[in-house]
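The values are calculated or read from the model by the stated rules, or taken from the named source; none is laboratory data. The structure presented is a predicted model; accordingly, all values stated were derived computationally and were not measured. Positions of Cβ are generated from backbone atoms using ideal geometry, with glycine treated the same way; all protein chains shown enter the neighbour counts. Only protein heavy atoms, including side chains, enter the accessible area calculation; ligands, DNA and RNA are left aside. Shrake-Rupley method; radii C 1.70, N 1.55, O 1.52, S 1.80 Å.
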Amino acid sequence: LLYAGITLTSLRRNHDGKVPCGIIEDQPRFDWRGQHLDCARHFYEVDFILRLLDVMAMVKLNRFHWHFADDEAFRLELERLPELARTHFRGEGELIPGVFGGGARSGGCYSKADVRRVVEHGKALGIEIMPEIEVPAHALALAEIFTASRDSQDKGQEISVQGYAKNVMNPAMPESWRVWEAATREVAEAFPFGVVHLGGDELPEETWMHSPAARTLMRDEGLASTHDLLGWTLNRLAAKLSDYDARPAAWEEASFGSVGIQNDAILFNWTSQGLGLEAARAGYSVVMTPGQHAYFDMAHTSDTDDWGANWAAIIALGDTVNWEPVPDDEPELEERILGVQGAFWGEFTTQDREAEPMIAPRILGLAMMGWQQRGSTNKDQLRSLACYYRVVLDEAGWQSN
């Protein structure tokens with residue numbers, strides 16, 4: 001009924017207040033049709049998030065991936081970890097300097113009331129909210145606060161892709177588990193969807209290999225590599241989620257090594273579609289979020305004046321549909337691939353509205369990949385749809401170009 005109403009509303013807005021006669025019979029191809037927003041690098045006001053949910057609903061997306069924790073901040077207010085308040089702002093005089101789009105001083109946090117607003121608004125629109133807490137890497141701010149989460153005897157010199165040293169918490173340290181378990185429990189309680197994303201991505205090579213405490217843990221548990229210890233860590237935390245009636249999710253790296261995450265975890269593919277397919281073949285439930293097609297912080301063109309990143313790809317509107325989540329010769333993977341998801345990372349964002357023309361109209365391509373059946377999506381159709389939806393986006397006050 002919700003989606004029928006959305007269809008009728010869109011038709012009416014594009015036909016001078018009238019609805020054309022006809023019969024429409026359709027259904028979504030995938031159950032998971034999501035959009036991610038990085039609120040750790042840039043703090044988005046709650047009103048912006050609610051407007052994003054409105055736009056998602058207009059194109060019949062149904063999952064919002066709320067990325068509020070990363071190296072630069074943990075933006076959720078947690079009663080069990082009041083020390084996190086030190087991460088809410090960065091810049092002059094703060095724990096974390098004004099890296100990326102931070103400015104002289106910027107930031108904020110989401111209160112429990114804010115979480116309820118987002119969850120309730122999403123529910124009214126048929127959108128479930130999945131939170132992400134980031135374990136064990138992408139945790140610079142947490143490691144700076146909870147210093148006992150790192151082994152003081154660790155002589156490793158690992159640097160993250162973003163250039164951060166010592167941004168990983170150590171699973172051999174009791175303090176790490178105190179923080180992780182407290183955060184996991186409170187976050188699971190706050191989000192009724194029942195899926196919590198644990199992170200697990202971009203762990204620097206050789207992490208923990210020079211930590212005596214970690215090496216002892218690895219010996220006791222029969223682990224051989226950094227990825228093995230990552231899998232062991234995520235599995236232990238994922239098992240905790242079952243106590244809170246929540247299902248774990250993680251980025252694709254959680255399946256690497258000989259001890260990949262289990263506990264019915266959902267994996268989110270991002271580096272290349274191939275790794276997502278490998279995970280599906282291994283029996284994982286997978287959401288496809290390939291950076292080459294679904295990372296909306298990437299620039300639209302190669303023009304040097306075009307805003308956005310380009311490390312994953314240059315993503316024009318047509319590129320969002322120029323791929324197939326399930327290979328033609330492996331139709332059996334359809335049951336393992338839950339759906340598709342777009343992502344917007346906030347390293348370059350300084351104002352909320354900068355994200356609007358980056359997300360839409362490209363979000364329409366994502367929506368088409370999630371809804372339309374195999375082989376029925378093409379670039380020409382998407383261009384026509386973008387023109388058609390301009391009226392809808394304009395009425396919503398969403399800047400689409």
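Pairs of lysine residues in the chain that meet both criteria, 8 or more places apart or on different chains and Cα atoms under 25 Å apart, total 6. Within the assembled protein chains, the solvent-accessible surface assigned to Tyr3 is about 60 Å², based on a 1.4 Å probe.
Between the amide H of Arg247 and those of Val195, Val196, distances stay under 5 Å, these residues lying 5 or more places away or on another chain, with hydrogens modeled in the peptide plane. Annotation for Ala113 and Asn310: the two label points, set 7 Å from Cα along the Cα-Cβ direction, are 4.6 nm apart. Between Ala4 and Glu324, the FRET efficiency estimated from the beta carbon spacing at R0 = 30 angstrom works out to 0.60. In sequence order, the range 348-355 has phi-based couplings of 9, 7, 10, 9, 3, 5, 4, 6 Hz under the Karplus curve 6.51 cos²θ - 1.76 cosθ + 1.60, θ = phi - 60°, and Gly or Pro positions carry x.
What does the extension gain come out to for His15 and Ser106, with contour length at 0.36 nm per residue minus their alpha carbon separation? Please report the intermediate quantities before stating the final value.
Details: separation 91, 0.36 × 91 = 32.76 nm, distance 4.37 nm.
Using 0.36 nm per residue and subtracting the Cα-Cα distance, I get 28.4 nm.
Against the empirical curve 2.2 N^0.38 Å, the C-alpha radius of gyration of the range 209-248 lands at a ratio of 1.35. Ranking Trp177, Gly103, Thr147 by how far each Cα lies toward the positive end of the dipole of the range 96-187 (charges on Cβ) leaves Gly103 at the top. With unit charges on the beta carbons (Lys and Arg positive, Asp and Glu negative) and the dipole taken about the Cα centre of the chain, which residue among Gly91, Gly5, Phe256 sits farthest to the positive side? Towards the positive end, the residue furthest out is Gly5. In the full protein context, the range 266-401 carries 41 Å² of accessible surface per residue, based on a 1.4 Å probe and ignoring ligands, DNA and RNA. The helix-only estimate of mean residue ellipticity at 222 nm for the chain, built from DSSP H runs of length n ≥ 4 each weighted as -39500 (n - 2.57), is -10000 deg cm²/dmol after division by the residue total.
Amide H to amide H distances under 5 Å link Leu76 with Tyr110, where only residues 5 or more positions off or on other chains count and H is placed in the peptide plane. Mean silhouette area of the chain, derived from the convex hull of its C-alpha atoms and averaged over all directions, reads 19.9 nm². Derived scalar couplings between HN and Hα for the range 21-38 equal 6, x, 10, 10, 10, 8, 7, x, 6, 10, 6, 9, 10, x, 9, 9, 9, 8 Hz in order, rounded to whole Hz, by the Karplus curve 6.51 cos²θ - 1.76 cosθ + 1.60 (θ = phi - 60°), x for Gly and Pro. What accessible area per residue, rounded to a whole number of Å², is obtained for the range 206-264 using a probe radius of 1.4 Å? I get 43 Å² per residue for the range 206-264.
If I require 15 Å or longer along the helix axis, counting alpha carbons, and a Kyte-Doolittle average no lower than 1.6, what helices from the chain are left? Use full DSSP H segments.
Details: long enough: 2-13 (17 Å, 0.40); 46-58 (18 Å, 1.63); 112-124 (18 Å, -0.86); 174-190 (24 Å, -0.72); 226-243 (27 Å, -0.17); 379-395 (24 Å, -0.36).
Span-like helices here: 46-58.
Express the Stokes-Einstein translational diffusion coefficient of the range 58-123 in µm² s⁻¹, to the nearest whole number, given a Kirkwood radius over alpha-carbon pairs, 10 °C and a viscosity of 1.306 mPa s. Spell out each step's value before the answer.
Numbers: Rh = 13.3 Å.
Estimated via Stokes-Einstein, D reaches 119 µm²/s.
Could you look at the chain and say what percent of its accessible area is carbon and sulfur, using a 1.4 Å probe and all protein chains? So the carbon and sulfur contribution to the accessible surface is 50 percent.
Probe of 1.4 angstrom, ligands and nucleic acids ignored: what's the accessible area per residue over the range 29-150, in square angstrom?
Working: 3870 Å² over 122 residues.
That works out to 32 Å² per residue.
Relative to the Cα centre, the charge distribution of the chain, modelled as +1 at Lys and Arg Cβ and -1 at Asp and Glu Cβ, gives a dipole magnitude of about 800 debye.
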